[in-house]
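The structure under discussion appears below in the form of structure tokens.
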Amino acid sequence: MSENVSAVQSAGPLARVRSSPGLVRNLGLIIALVLLCVVGAVTSGDQFVSSANLMVILSSAATIGIMSIGMTFVITGGGIDLSVGSMLGLATVWATTLATQTMAASSGWFVIAVTAVLVGAGVGLVNGIIIAYGRVEAFIATLAMMVGARGLAEIISGRHTQLVDNDAFLDVFRADVLGVPAIVWMFLVVAVAGWFLLNRTTFGRRTIAVGGNPEAARLAGIKVKRHTMYLYALAGTTVGIAAITMLARTRSGSSTNGTMYELDAIAAVVIGGTLLMGGRGTIFGTVLGVLIFSTLTNVFIQNNLSTSAQSLVKGAIIVIAVLLQQRFANRGSS
């Protein structure tokens, strides 16, 4: 082992880069993002490179990005959550009900914001209890929640779009801070907090341990069931925060909000380098994955390309990412 380290050190910076799969992966993602920007600049010109369009890309990345941070923890812990898109729709609907709007009129904008977060956290907690203590497979439990949460959102809203009519809420979350939209700052704060939680705390180390080998984690003294429940509650909380950004952007609570967002979030996490089978996660990679998808979508819109073509390209990217993961995993085990 020491001989290998010495050999790498003596071989110079290039060898050290090659010896670090995470660094290589992140460099690859950064290069892919730069190439996408070049394609956007060449095909759309000044319209793409304007500061206003940059803010559009970042703002559209905020909602998916915040959800993806929570999804990174779930997947790193060896799970999956298919219900985050429906949770987002439910949180926006509940936060824009007449009762919430009436309370917000007398109590302040934070009633709407807190309602969205509590709904997300509550649904995530239910997911966690069912999976951890009910011993239901995460795929089945969150699939059922995906359908149930969407149905509840339709019942509450009557399938009607509910508008945010609280000016204080819009003033806070649609404001610009240092020229950058508040929701982009929210994405940045959640990403930094997620990075710290995963890489610098006991909670993060336990998440990696549970995802890598649950039985070994249990023998090491980690309460696996309780930690699994926490992971899904954390994912639900990030969905609640993401719901605030969606309400700020669209001013509407609808049962259709967040449709198919679960796939975008999972794709961003996998593209970023988090292992789909658990045990390894990267917040920085997830952020890069979200920015790649957001930029790709913007390039397609700027060039009036169809959403079908966009979905086709996204699907191809996901397949390539999974194949690369398997290749790296096989190389690591050989």
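The values are calculated or read from the model by the stated rules, or taken from the named source; none is laboratory data. Quick caveat: nothing in here was measured; it's all calculated off a predicted structure. Cβ atoms come from the backbone with ideal geometry, glycine included; neighbour counts cover every protein chain shown. Heads up: the accessible areas ignore ligands, DNA and RNA and are worked out on the full protein's heavy atoms, side chains in. Shrake-Rupley method; radii C 1.70, N 1.55, O 1.52, S 1.80 Å.
A few notes on this one:
- Chain lengthening between LEU312 and LEU219 when straightened (0.36 nm per residue, less Cα-Cα): 29.1 nm
- Separation in nanometres of the label points that stand 7 Å from Cα toward Cβ, at VAL49 and PHE139: 4.7
- Only DSSP H runs of four or more residues enter the estimate; each adds -39500 (n - 2.57), and after division by the residues of the chain the mean residue ellipticity at 222 nm equals -26000 deg cm²/dmol.
- Here VAL147 and ARG174 are evaluated by their C-beta separation; at R0 = 30 Å the FRET efficiency comes out at 0.40.
- Placed amide H near LEU163: partners under 5 Å, 5+ positions off or other chain: GLY253
- Separation of alpha-carbon centers, the range 112-135 and the range 147-208, rounded to whole Å: 15
- Longest exposed-site-free window of the chain, the sites being trypsin sites (Lys or Arg not before Pro) in a DSSP loop that have at most 13 other C-beta atoms within 10 Å: 160-334
- Take every pair of alpha-carbon atoms less than 8 Å apart whose residues are at least six positions apart; their mean separation over the length of the range 160-227 yields a relative contact order of 13 percent.
- Based on Cα atoms of the chain, Rg over Rh with Rh as the Kirkwood radius reads 0.99.
- Using only alpha-carbon positions in the range 62-215, the gyration tensor eigenvalues give semi-axes of 29, 22, 11 Å once each is multiplied by 5 and square-rooted (largest first).
- The mean of 1/r over all pairs of different alpha-carbon atoms in the range 81-161, once inverted, gives a Kirkwood hydrodynamic radius of 13.1 Å.
- When ASP171, ASP264 are compared by accessible area at a 1.4 angstrom probe, the order from most to least is ASP171, ASP264.
- Whole-percent carbon and sulfur share, accessible surface of the chain, 1.4 Å: 67
- GNM top mover of ILE64, ILE129, ILE183 - the chain, alpha-carbon springs below 10 Å: ILE129
- Taking every full run of DSSP H in the chain, the ones that stretch at least 30 Å from end to end by Cα along their long axis and average 1.6 or higher on the Kyte-Doolittle scale are 21-44, 51-76, 110-132.
- Rounded accessible area per residue of the chain, 1.4 Å, Å²: 48
- Shown is the FRET efficiency for MET103 and VAL322, computed with R0 = 51 Å from the Cβ-Cβ distance and rounded to the nearest 0.05: 0.65.
- Largest GNM mean-square fluctuation among VAL56, VAL290, VAL269, using the chain with Cα springs under 10 Å: VAL56.
- Relative contact order computed over the chain (Cα-Cα under 8 Å; 6+ residues apart), in percent: 32
- If the chain linking ASN303 and MET260 were pulled fully straight, counting 0.36 nm for each residue of separation and taking away their Cα-Cα distance, it would gain 13.2 nm.
- Label separation (ARG226 vs ARG159): 4.5 nm, computed from points 7 Å beyond Cα along the C-beta direction.
- Highest-fluctuation residue, GLY77, GLY315, GLY65 considered, GNM on the chain with Cα pairs under 10 Å: GLY315
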